[in-house]
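*Asks:* Following this message is one structure expressed as structure tokens.
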Amino acid sequence: MNHNLAHGDRVLSGMRPTGRLHLGHYHGVLRNWIDLQESHDCFFFVADWHALTTAYEDRGVISRSVWDMVVDWLACGVNPNLATLFIQSRVTEHAELHLLLSMIAPLGWLERVPTYKDQIEQLRERDLATYGFLGYPVLQSADILIYGASGVPVGEDQVSHVELTRELARRFNHLFGREPGFEEKAESAIGKMGKKQGKLYRELRRRFQEAGDSEALEEGQALLEAQQNLTMADRARLAGYLEGGGRSVLTEPEALLTRAARMPGLDGRKMSKSYGNTISLREPDAEIEQKIRTMPTDPARVRRDDPGDPEKCPVFDLHRIYSDESTKTWVRSGCQSAGIGCLECKRPLIESVQAEVAPIRQRAEELEADQDHVRQVIQDGCERARGVARETMDEVRSAIGLDYRQR
Ligand code: TRP
Ligand code: SF4
């Protein structure tokens, strides 16, 4: 994955609870999360409000899926000691930011988001001519901006939402970022950095502003990142002050495009619930065997002694994911010469998939038996998330001028 994130930068992503997780989620999303949690400050959440924008008439699936999903995350190795796991609707601050962003979200921007018309087309049986559905990417922007996330791991289809988030952040900062007394506040924040660091900050700022030295800018930004005793607000001020602008209240995030880990399903199409071609993360061994045994193969191999072409076979797509070079070579030559039968070809695959799913299924069973632990993980995560979200909202309210109580 290519990106400009530094170690420890905040990363945020969400998943809608719309059904059981399957190997497509594991290979396409979760393995990536599990990597990221090692090196970044990760926030992962269940986007139940987002699910509601399309499933408001059929909410059963949401409530059924929320906890299953958390269990599956944990079973796969998402680690609550490394990442903050929470449920969107339990951090109601997202709704407030969504509302405030909606004030400045131009209708034209929202109508032009490609997923908007696509989804209305695709989900014709549902009435998506709602205010909430139009606002789907505004809610997503709120999710991201409320944590000041720098990186957002998403698939291709979601990149336009991260772009909209950047545009909304920029618009917000432009409209509301010029607080009264900005310079004084920035100067007093420098004071909080301590003598040495404060001096270094001033020096870097001077080098950037007088000579346009971009290295000094980068160094200055890194210096701010490393300031443990600055509030988020002060850091935002000093980031703006460094560049010579006003305070940037909201941080523009970057999409971390999950490299097209397109997990093939049982029929050669992308693995997806709507195609009914999935293997779930809790699939029993016998079902895995049954599903792979009955997979379609190269249609030219009608009889055992007809030669086949792995390039035309969905089974081989799975070998590409699960098998090493020598197995793939064995498949290629055995298939093309009709030296092996299709069931023989499927055997190592059945074993690899079983070996991958079995420990996940087993941990999921253990977690199912220990619901208290799962609830505790989410409670702790929600609390931590709320703490960050509240800090941002204080800044946001004060930037807009809605902080009557504090004046
Ligand atoms: N819209 C995302 C999806 O369908 C889910 C989501 C909601 C999300 N909020 C988010 C993803 C914030 C990343 C960041 O996959
Ligand atoms: Fe597909 Fe394997 Fe059969 Fe060839 S031998 S058609 S690759 S299942």
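*Asks:* Where a Cα-Cα gap under 17 Å defines reach, which lysines qualify for Lys273, not counting those fewer than 8 residues away within the same chain?
*Replies:* Output for Lys273: Lys291.
*Asks:* Among Gln158, Tyr201, Gly181, whose Cα projects farthest towards the positive end of the dipole of segment 121-208, with charges put on the beta-carbon of Lys, Arg (+1) and Asp, Glu (-1)?
*Replies:* Final value for the positive-end residue is Tyr201.
*Asks:* Order the peptides 326-338, 81-93, 114-126 from the highest to the lowest mean number of other Cβ atoms within 10 Å of their residues.
*Replies:* 81-93, 326-338, 114-126
*Asks:* May I ask you to order 273-280, 8-15 by the average number of other C-beta atoms within 10 Å around their residues, highest value first?
*Replies:* 8-15, 273-280
*Asks:* Extending each Cα 7 Å along its Cβ direction at Glu365 and Leu175, get the distance between those two points in nm, one decimal.
*Replies:* 5.4 nm
*Asks:* Give me log10 I(q)/I(0) at q = 0.18, 0.19, 0.24, 0.28 Å⁻¹ for segment 242-295, Debye formula, one equal scatterer per alpha-carbon, no solvent.
*Replies:* Calculated log10 I(q)/I(0) at the listed q: -0.72, -0.77, -0.99, -1.13.
*Asks:* While we're looking at this one, here's another question. Please give the charge dipole size of segment 282-368, origin at the Cα centre, charges +1 on K and R Cβ atoms and -1 on D and E Cβ atoms. Round to the nearest 20 debye.
*Replies:* 300 debye
*Asks:* Now for a separate question. How much FRET efficiency would the formula 1/(1 + (r/R0)^6) give for Val302 and Gln379, where r is the Cβ-Cβ distance and R0 is 60 Å, rounded to 0.05?
*Replies:* 0.55
*Asks:* Excluding same-chain residues fewer than 8 positions from Lys195, which aspartates and glutamates have a Cα within less than 20 Å of its Cα?
*Replies:* Lys195 reaches Glu183, Glu184, Glu187, Glu203, Glu219, Glu225, Asp234.
*Asks:* What number comes out for the charge environment of Trp109, summing +1 per Lys or Arg and -1 per Asp or Glu over other residues with Cβ under 14 Å away?
*Replies:* Result for the local shell: +2.
*Asks:* Right, another one. With the radius of gyration and the Kirkwood radius both derived from the Cα set of segment 182-243, what is their ratio Rg to Rh?
*Replies:* Reported Rg/Rh (Cα atoms, Kirkwood Rh): 0.92.
*Asks:* Based on Cβ point charges of +1 for Lys and Arg and -1 for Asp and Glu, what charge dipole magnitude is obtained for the chain about its Cα centre, in debye rounded to the nearest 20?
*Replies:* Magnitude of the dipole: close to 420 debye.
*Asks:* Follow-up question, since we're still on this one. Which percent of Cα-Cα pairs in segment 282-368 sits in each 10 Å bin, short to long?
*Replies:* Using 10 Å bins, I get a P(r) of 18, 46, 24, 9, 3 for segment 282-368.
*Asks:* Can you tell me which of Arg304, Arg31, Arg262 moves the most in a GNM of the chain? Springs connect C-alpha atoms under 10 Å apart.
*Replies:* Of the options given, Arg304 has the highest mean-square fluctuation.
*Asks:* Based on the Cβ-Cβ distance from Thr294 to His3, what FRET efficiency comes out when R0 is 51 Å, to the nearest 0.05?
*Replies:* E between Thr294 and His3, to the nearest 0.05, is 0.80.
*Asks:* With the alpha-carbon atoms as the only input, what is the per residue convex hull volume for segment 58-104 in Å³?
*Replies:* 111 Å³
*Asks:* Restricting things to alpha carbons, tell me how big segment 95-134 is in terms of Rg and Dmax, in Å.
*Replies:* Considering segment 95-134 through its Cα atoms, Rg and Dmax are 11.4, 31 Å.
*Asks:* Can you check what the net charge comes to around Gln37, using other residues whose Cβ is under 13 Å from the Cβ of Gln37 (Lys, Arg +1; Asp, Glu -1)?
*Replies:* Cβ neighbours under 13 Å give a net charge of -2.
*Asks:* Please compute P(r) over all alpha-carbon pairs of the chain, binned at 10 Å starting from zero, and give each bin as a whole-number percent.
*Replies:* 4, 19, 26, 22, 15, 9, 4, 1, 0
*Asks:* Which order do the peptides 18-29, 391-402 take when ranked by the mean count of other beta-carbon atoms within 10 Å per residue, highest first?
*Replies:* My ranking of the peptides, most packed first, is 18-29, 391-402.
*Asks:* Another one. Just add up the charged neighbours of Lys199: K/R +1, D/E -1, any other residue whose Cβ is under 15 Å from the Cβ of Lys199.
*Replies:* +4
*Asks:* Between Gly24, Ile378, Ala149, whose Cα lies farthest towards the positive end of the dipole of the chain when Lys and Arg beta carbons carry +1 and Asp and Glu beta carbons carry -1, centred on the Cα centre?
*Replies:* Ala149
*Asks:* If you don't mind, another one. Using the Cα centre of segment 1-158 as the reference point, and only Cβ charges (+1 on K/R, -1 on D/E), how large is the resulting charge dipole? Debye, rounded to the nearest 20.
*Replies:* My answer is approximately 120 debye.
Just so you know, all these numbers are worked out from the coordinates, no wet-lab data involved. In this text, all values refer to a predicted model and were calculated from it rather than measured experimentally. Positions of Cβ are generated from backbone atoms using ideal geometry, with glycine treated the same way; all protein chains shown enter the neighbour counts.
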